[in-house]
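Accompanying notes for the structure given below.
The values are calculated or read from the model by the stated rules, or taken from the named source; none is laboratory data. Here the structure is a predicted model, which means the values were calculated and not measured. Virtual Cβ from ideal backbone geometry, glycine too; neighbours counted across all protein chains shown. What goes into the accessible areas is simple: the full protein's heavy atoms, side chains included, and nothing from ligands, DNA or RNA. Shrake-Rupley method; radii C 1.70, N 1.55, O 1.52, S 1.80 Å.
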Amino acid sequence: METISTDVAIIGAGGAGLRTAIALAEADPKLRIALISKVYPMRSHTCAAEGGAAGVIKPDDSFDLHFDDTVGGGDWLSDQDCVEYFIHEAPKELLQLEHWGCPWNREPDGSVAVRPFGGMKKKRTWFAADKSGFHILHTLFQTSLQFDSITRFDEYYALDLLVDDGRCQGVTAMEMRSGQLRQFHAKAVIIAGGGAGRMFPFSTNGAIKTGDGMAMAYRAGAPLKDMEFVQYHPTGLPNTGSLLTEACRGEGGILLNKNGRRYLQDYGMGPETPVGQPQLKTMELGPRDRVSQAYWHELQKGNTVSTQWGECVMLDMRHLGEKKINERLPLVRELAASYLGVDIVKDPVPIRPVVHYMMGGISTNTQAATPLPGLFAAGECACVSLNGANRLGSNSLVELLVFGRRAALSALEHIQGLPAANTTALNALAEETQQRIRTLFSRTDGTESMSGLRKEMMDTMEKNAGIYRTEEGLQEGVAKIHELRERYGRVILTDRTNVFNTDLFQALELGSMLDCAEAVTVGALARKESRGAHQRLDFPERDDKNYLRHTMVYHQGLDAPRVDYLDVVITKSPPGVRDYSGDHK
Amino acid sequence: MSKPLIREVPPTSWYFRHPRYLRYMAREITSLFIGAYCVFLVFAMHSLAAGPSSYEAFLLTLRSPASIAFHVLALVAALYHAATWFNATQKAMPIQLGEEFVPGNLISGAHYLAWAVLSIAILFLAGVF
Amino acid sequence: MKERLVQLEVLRYNPDTDTTAHFQRYEVSCPEEGVVLDALNKIKETIDPTLNYRWSCHMAVCGSCGMMINGEPKLSCHAFLREYDGVIRVEPLAHFPVERDLVTAPDDFIEKLKRVKPYLIPKAPKPISEGEYLQTPAQLKKYHRFTLCINCMLCYAACPEYGLTPKFIGPAAISLAHRYNLDSRDGGRDARQEVIASKEGVWECTFVGACSEVCPVHVDPASALQQVKIASSIDWIKEHLLPGGGK
């Protein structure tokens, strides 16, 4: 097996991975950086983020307000020292992107423009039309091209972390083009592998978001934190699940049920605001968890609209007018027209909540370090505890910048004066990966089909770990995922050739998703309260006495995982009431 | 070990693959007629310089069916070539006034207009009107 | 949701087992408003797990799923079944080596992208602490269209010049260089000219215009290339014909 020696290996080349790589290259031009990704960088799912990125820049805004919005939006499950660090770094990172050429929308005077977003008290979301993530990703990718010290390994599927002497010292990966395994020996490894939304059948996430990075860390002994918090975005296209950005509502779009009523006013987000005059942090600009949950209640009451794509509510943007829609929401208009045949200038568009984002992930501290020495993580795959129980829209694009950079700095610190690696031990570990793949590859007595297992997993997650959860449903979910993980040991490939074998990669991705699904269901079963995106019908109240703490799930092979807890860091904002009734109580 | 498959582009027949390539080739071929007409003009000047009898003979050949056919073809080619050129101007020379770009049709339209005005002026000078 | 029967004829090639490519016929039922990618996914899930192609976002922004559909370069997630009758012929993106089935090797494009220096080279560098570079909406609009490139490479598959002369830098890479040249914050045009204004750069382009016709996000690369030609010609005239090199 070929060995590639490097100083830092980064797994994932989306927004977080690229930001990390650039930060490393800038800090020390002599550093050898390996950027490993199963897709070319510009295919990473950062490109699909639409609305924008939050950072305090305008004179009417303040760090305290961004802090309060984030902590309240996260239902007090955010670590407040982390939030503090984040809000101060956010504007610097967004300015850095501006200096790298990101085409942010502008005010007439040439300064950066900001737009309103759900759950935010002030306009503070920087945006590039409704393709903010796309522009951030491409700006980072293009900027990274000027650093020769960044060696990209595009279309290398990372498999296992190499952990020896109690610290992470590398990773194995398969070159997809040849099917050949490689081992990367590195002084530090940074995982920036994105979320795992594809474990659900209906998701805004691209096909690549299968939690490989999370599962890799989990298998290597690092805990997954707060995995039960899965964000539903309130406005997805009902057939493809494609995202219609929160900016639709930020710009003034309204949500209607079948009776034409702006039903959010019935769920603690009223009273009604005038159409076309969106007010911050109320009605349609409530936080995502509340708005998605309101849909579920409308569905129970029979107030949703029956369409050929299932039960929907209507997002009405007609009053915004064609000019504003073209200028600020061109992608949304195109998506609705192409995939649903609806012109949002002329008609309301049917939408429904769709799985969007994992608040949980690899447990990291404010330095982006995991409990496993030498292993760092940033972006959606990490849980640095910024987002708590519910992420505010437009915080995640900034999160990957702030903590991508932070991970780079921490890794730099870590690699100073490390003892030499025991290459014999690392080679032996890599050989284990080789064996694992060989077993999967050459198994002929398997009985389980990959697509069959995947469908059962998705159905289980939707049925038992959706917007509202119950003890009974979660017990069923935990048992079923456990069964599926066991059956996964008998999965059989149809394709046994070497070159770009997506049958093999989909099987490996399924393994990753099952590991993540286990952490989601187990965490959700253990959390007997309702907080943010985790809503239990049998425990409808938040329980700060018992659950103002993070769920930590530890991998135990095929056995049930170990669940532990970690206290939430509270510095200045004691748990309070989340109020989205606006200024006009 | 991996042997990528190279699907060669047929060097002499690729433009049959799609109508847009045929349109492109048509545009390129029009330049042959424009070139031929230039040669023809040089020839006309030469016969004019050689004296009245030479010029008379030249005018006579102009009336032959082959000559008329060539002129008609050359005119069609020139018109088509000019149209593709004018249509291209909006892509090659976009004009931004304030924030907005001037609509492309306006830029191309201005070229058509200028063409018409110049043509009328030349015809006027030639004594047609 | 109404379904319809879709017939696909897909080019298959596996270097491990094949010496040449062949077409394989599939028949699947798909929602009427579906796209070719949905049909491929259904085939992979229910008929033939050995079929290989790239895809991710299913919303025409990641640029993974470019392929030739009935001879036209398309994103398969944006190729609507309602627009096709009869058997749909699906082939890998033209002008790129085929790794396997519908998966092509984009190495050449990636290498060219790097050569054109598609990043901001600031005209007047300043530290982050001094805030943003001011840029009016009009200055933004000047280059904005050329920022929209998703690197899907459909324009390379449509460009006969690239097919015949592979050293041509090509539409997407030159458009991106032009995007930075037009940016009011940028001062790197001279550094990019060496590549984009060379023989392998814009002067290889004969303005077929196919790139702009197939671009799924309306970047209009043909426009960018013609603009570069004009600007480069003006440079040449200034340098060679004006007294003092136009300085």
* Can you list the helices (runs of 4 or more DSSP H) found entirely within the range C:160-236 that contain at least 1 residues being more than 9 Å from every other protein chain (Cβ to nearest Cβ) and more than 21 Å from C:Y119 (Cα to Cα)? -> C:160-164, C:210-214
* To do: List the strands (runs of 3 or more DSSP E) that sit entirely inside the range A:1-85 and contain at least 2 residues that are open to solvent by 10 Å² or more (accessible area, probe 1.4 Å) and in contact (Cβ under 8 Å) with a residue 60 or more places away in the chain.
  => A:2-5
* **Residues within the range A:112-146 that are more than 7 Å from chain C (Cβ to nearest Cβ), of a type outside the set (D, E, K, R), open to solvent by less than 10 Å² (accessible area, probe 1.4 Å) and touching a strand residue (DSSP E or B) at 6+ places or on another chain (Cβ under 8 Å), tallied** => 9
* Looking only at residues in the range A:267-296 that are outside any loop (DSSP other than H, G, I, E, B) and of a type in the set (D, E, K, R), which one is most open to solvent (accessible area, probe 1.4 Å)? -> A:R290
* Asked: Which members of the range A:193-220 meet the condition of being within 30 Å of A:A421 (Cα to Cα), open to solvent by less than 10 Å² (accessible area, probe 1.4 Å) and in a loop (DSSP other than H, G, I, E, B)?
  -> A:G211
* Which residue out of C:A94, C:A60, C:A79 is within 14 Å of chain B (Cβ to nearest Cβ), in contact (Cβ under 8 Å) with a residue 12 or more places away in the chain and not acidic (D, E)? -> C:A94
* Scan (1) away from every other protein chain (no Cβ under 14 Å); (2) modelled with pLDDT of 95 or more for the single condition B:Y21 breaks and write down its number. => (1)
* Structure fact -> Given (1) of a type outside the set (F, W, Y); (2) in contact (Cβ under 8 Å) with a residue 24 or more places away in the chain; (3) farther than 25 Å from C:H58 by Cβ, A:P274 misses just (2)
* Asked: Any idea which of C:P125, C:P137 is surrounded by fewer than 23 Cβ atoms within 10 Å (Cβ to Cβ) and under 30 Å from A:L331 (Cα atoms)?
  -> C:P137
* Asked: Does at least one position in the range C:87-104 carry a residue that is in a helix (DSSP H, G or I), open to solvent by 10 Å² or more (accessible area, probe 1.4 Å) and modelled with pLDDT of 95 or more?
  -> no
* **Candidate set: the range A:512-537, residues that are open to solvent by less than 10 Å² (accessible area, probe 1.4 Å) and more than 18 Å from the chain's Cα centre (by Cα); chosen: the one farthest from the other protein chains (Cβ to nearest Cβ)** => A:E529
* Tabulated pairs, the range A:93-111, first facing chain C (nearest Cβ under 7 Å) and without any contact (Cβ under 8 Å) to a residue 60 or more places away in the chain, second of a type in the set (D, E) and open to solvent by 20 Å² or more (accessible area, probe 1.4 Å), C-beta under 6 angstrom, 6+ apart or interchain -> A:L95/C:E132; A:E98/C:E132
* Structure fact -> Going through the range A:147-170 in order, the residues found to be in contact with a helix residue (DSSP H, G or I) (Cβ under 9 Å, 6 or more places away or on another chain), open to solvent by 30 Å² or more (accessible area, probe 1.4 Å), of a type outside the set (D, E) and part of a strand (DSSP E or B) are A:R152, A:V163
* Test set (1) over 21 Å from C:D16 (Cβ atoms); (2) open to solvent by 10 Å² or more (accessible area, probe 1.4 Å) - A:T444 fails condition number -> (1)
* To do: Grab the helices (runs of 4 or more DSSP H) fully contained in the range A:436-540, keeping just those with 2 or more residues being without any contact (Cβ under 8 Å) to a residue 24 or more places away in the chain.
  => A:450-464, A:471-488
* Structure fact -> The lone condition C:T147 fails out of (1) under 30 Å from A:K58 (Cα atoms); (2) at pLDDT below 95 is (2)
* To do: Starting from residues that are more than 18 Å from C:L182 (Cβ to Cβ) and either within 9 Å of another protein chain (Cβ to nearest Cβ) or touching a Phe, Trp or Tyr at 6+ places or on another chain (Cβ under 7 Å) (or both), keep the ones in the range C:109-122 and report whichever is most open to solvent (accessible area, probe 1.4 Å).
  => C:K114
* Structure fact -> Listed by range, helices (runs of 4 or more DSSP H) wholly within the range B:1-94 having at least 3 residues that are surrounded by 14 or more Cβ atoms within 10 Å (Cβ to Cβ) and free of Cβ contacts under 8 Å to residues at least 24 places away in the same chain are B:19-49, B:65-92
* To do: Give me a count of the residues in the range C:132-149 that are facing another protein chain (nearest Cβ under 7 Å) and in contact with a strand residue (DSSP E or B) (Cβ under 9 Å, 6 or more places away or on another chain).
  => 10
* Structure fact -> Of the residues in the range A:551-570, those that are open to solvent by 30 Å² or more (accessible area, probe 1.4 Å) and part of a loop (DSSP other than H, G, I, E, B) number 6
* **Complete set of residues in the range C:63-76 that are facing chain A (nearest Cβ under 7 Å) and in contact with a Lys or Arg (Cβ under 6 Å, 6 or more places away or on another chain)** => C:S64
* **Residue list for the range B:96-123, filter: more than 14 Å from chain C (Cβ to nearest Cβ), within 29 Å of C:H144 (Cβ to Cβ) and among the hydrophobic types (A, V, I, L, M, F, W, C)** => B:L106, B:A110
* Structure fact -> Of (1) closer than 20 Å to A:P201 by Cα; (2) of a type outside the set (D, E, K, R); (3) crowded, with 24+ Cβ neighbours inside 10 Å, A:G379 satisfies every one except (1)
* Inspect all residues belonging to the range A:172-188 and state whether any of them is within 22 Å of the chain's Cα centre (by Cα) and either open to solvent by less than 10 Å² (accessible area, probe 1.4 Å) or farther than 21 Å from A:S396 by Cα (or both). => no
* Structure fact -> Within the range C:39-56, residues within 10 Å of chain A (Cβ to nearest Cβ) and open to solvent by less than 10 Å² (accessible area, probe 1.4 Å) come out as C:L51, C:N52, C:S56
* To do: Report yes if some residue within the range A:257-266 is within 14 Å of chain C (Cβ to nearest Cβ) and either hydrophobic (A, V, I, L, M, F, W, C) or not in a helix (DSSP H, G or I) (or both); otherwise report no.
  => no
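Yes/no per residue for (1) of a type in the set (D, E, K, R); (2) surrounded by fewer than 19 Cβ atoms within 10 Å (Cβ to Cβ); (3) outside the structural domain of C:G63 (by TED's automatic domain parsing):
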site: C:T206; (1), (2), (3): no, yes, yes
site: C:S212; (1), (2), (3): no, no, yes
site: C:P216; (1), (2), (3): no, no, yes
site: C:A224; (1), (2), (3): no, no, yes
site: C:V228; (1), (2), (3): no, no, yes
site: C:I234; (1), (2), (3): no, yes, yes
site: C:E239; (1), (2), (3): yes, yes, yes
